[in-house]
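Please treat every number below as a calculation from the coordinates, not as lab data. Everything numeric here is computed off the predicted structure, so don't read it as measured data. Here the Cβ is made from the backbone with ideal geometry for all residues, glycine too, and neighbour counts use every protein chain on show.
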């Protein structure tokens, strides 16, 4: 009976030494901290409502985990480390599947700490691959508008260009009417200047509402509040326009109002754009690395205890099976002799 456990133990030892050792390298990091600036107020409100700038139900950390698991990041790993040759596979789908099996991306629900671990037969390559995951994520963030600041920067750049063109057009119209921009500084009336400023405020509020609708949805409380505020601004504008009538010549008033409106709007947008650029530089400057990957010195697989335990369990199982079969055979033989 002792032959079977001994044979199973020897077989387990042979399997243990025959399996190539696997090494695991790890790295961990925090996503960039959300910007506290006033220009990020709108998007911080969305985050407080559980709405993220790049997806309605995901936190920033969850987005980063999804990006680490994306095909784009996987393909960069495959190309960088020639994984088809390493894994001995030809089809890209098979290589990606194997890489996914060798990689674990874990997100701590309590702290938003993201941990990436990579298994490989080569400890040096395992550490390099773990490090390259962070580099690939940084590169991907550089070309995909996923952060709030980047979204605002792209949107505001377009608005600034359009407003600057409108301001140039308004200035040319003033010159065509025989009024120089320097002369336009002599306001035809304080009410007209206030109307222009109110128009600029309305456009800024409209931009905010449009962004909220696209990110949070029409029924979101923040969207409804912004919509009510925009309606109130428009009512106020109507009252101001009524009070500003007949102050000066209608044609000059219209040209002056357009010029002042676009100038005020450009100033507002330029301030927001500068803030968005600062926020974007801060967001994309660096991931907050907690643990840099190091070359593992100890193999993670196979586990000696697991292999030997499995061999021992198999040996005991075979012994019990042999005992049961022998016992049954003896019982049948004894029964046959009696008959």
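Legend: calculated FRET efficiency, residue 326 to residue 301, from the Cβ-Cβ distance at R0 = 45 Å, rounded to 0.05, equals 0.75.
Remark: the residue 157-residue 313 segment gains 49.4 nm on full extension, using 0.36 nm per residue and subtracting the alpha carbon distance. In plain terms, the chain from residue 109 to residue 143 could stretch by 9.5 nm, reckoned as 0.36 nm per residue minus the Cα-Cα distance. Applying 1/(1 + (r/R0)^6) with r as the Cβ-Cβ distance of residue 290 and residue 333 and R0 = 56 angstrom yields a FRET efficiency of 0.20.
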